[in-house]
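Chemist: Quick one: the structure is below, questions incoming.
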Amino acid sequence: QVQLVESGGGLVQVGGSLRLSCAASGGTFSNYAMGWFRQAPGKEREFVAAVSRTGGSTNYPDSVKGRFTISRDDAKNTVYLQMNTLKPEDTAVYYCAASRFPIASTAVQMYPYWGQGTQVTVSS
């Protein structure tokens, strides 16, 4: 069973950038598609980005498309989320997740493995 640990969150000003990392252990990283989700206080967890098992396909919602980029480095067992042009509405706890299905799925229920989350706060 894979374990996931996120890092890289913090406080940033509007328009700034952050790069989140998610380190995986306990499984064969290349067997998993990977996703990032976020949850703001009082809101449901929402999809942010996903990359397929091979890295050949990515998926984003319109709210972050063009600003966020997901990538994976199988040699380092790590998936990244580069976030640019951050907005106050990007403030949330960001979670990394792993799926045994090969595709870059947007659905929370496709991801049985989750990290503990990292806080991102965008100040105006």
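The values are calculated or read from the model by the stated rules, or taken from the named source; none is laboratory data. In this text, all values refer to a predicted model and were calculated from it rather than measured experimentally. Cβ placement follows ideal geometry from the backbone for every residue including glycine, while neighbour counts extend to all protein chains displayed. Just so you know, the surface numbers come from the protein's heavy atoms only, side chains and all, with ligands and any DNA or RNA stripped out. Shrake-Rupley method; radii C 1.70, N 1.55, O 1.52, S 1.80 Å.
Chemist: Among the aspartates and glutamates, select those whose C-alpha is under 19 Å from the C-alpha of LYS76, and discard any that sit fewer than 8 residues away in the same chain.
Modeler: LYS76 reaches GLU6.
Chemist: For region 2-124, what relative contact order do you get, as a whole percent, if you take Cα pairs closer than 8 Å and at least 6 residues apart?
Modeler: It comes to 37 percent, rounded to a whole number.
Chemist: Hey, another quick one. Starting from the Cα of ALA75, step 7 Å along the direction of its Cβ; do the same at VAL14; then give the gap between the two resulting points in nm.
Modeler: 4.1
Chemist: When all C-alpha to C-alpha distances in region 52-124 are sorted into bins of 10 Å, what percent of pairs does each bin hold, rounded to whole numbers?
Modeler: For region 52-124, the binned pair fractions read 16, 51, 30, 3 percent.
Chemist: According to a simple spin-label model (label point 7 Å from Cα along Cα-to-Cβ), what is the distance in nm between ALA107 and VAL5?
Modeler: In this crude label model, VAL5 to ALA107 measures out at 3.2 nm.
Chemist: List the GluC sites (Glu not before Pro) within region 5-72 that DSSP assigns to loop and that have no more than 10 neighbouring Cβ atoms inside 10 Å.
Modeler: Sites meeting the loop and neighbour criteria: GLU44.
Chemist: For a label point 7 Å from the Cα of GLN119 along Cα→C-beta, name the residues of region 53-88 whose backbone N is under 20 Å from it.
Modeler: Label zone hits: 83, 86-88.
Chemist: Could you give each residue of region 66-83 its phi-based ³J(HN,Hα) in whole Hz, using Karplus coefficients 6.51, -1.76, 1.60 with θ = phi - 60°, and x for Gly or Pro?
Modeler: x, 10, 10, 9, 9, 8, 9, 10, 5, 5, 9, 6, 9, 10, 10, 10, 8, 10
Chemist: Given labels modelled 7 Å from the Cα in the Cβ direction, how far is it in nm from SER63 to SER25?
Modeler: It is 3.2 nm.
Chemist: Longest span of the chain, sites excluded, free of trypsin sites (Lys or Arg not before Pro) in DSSP loop with at most 12 other C-beta atoms within 10 Å?
Modeler: The segment 77-124 is the longest one with no such site.
Chemist: Carbon and sulfur: what percent of the chain's accessible surface (1.4 Å probe)?
Modeler: Carbon and sulfur: 48 percent of the exposed surface of the chain.
Chemist: Using a 1.4 angstrom probe, figure out how much accessible area the chain has per residue, in square angstrom, rounded to the nearest whole.
Modeler: 49
Chemist: Specify the inter-centroid distance of region 92-112 and region 16-81, based on alpha-carbon positions, in whole Å.
Modeler: 8
Chemist: How large is log10 I(q)/I(0) at q = 0.14, 0.16, 0.21 Å⁻¹ when the Debye formula is applied to the Cα atoms of region 1-103, each weighted equally and without solvent?
Modeler: -0.50, -0.65, -1.09
Chemist: Students often forget the sequence filter, so: which lysines lie under 18 Å Cα-Cα from LYS65 once same-chain residues fewer than 8 apart are removed?
Modeler: List returned: LYS87.
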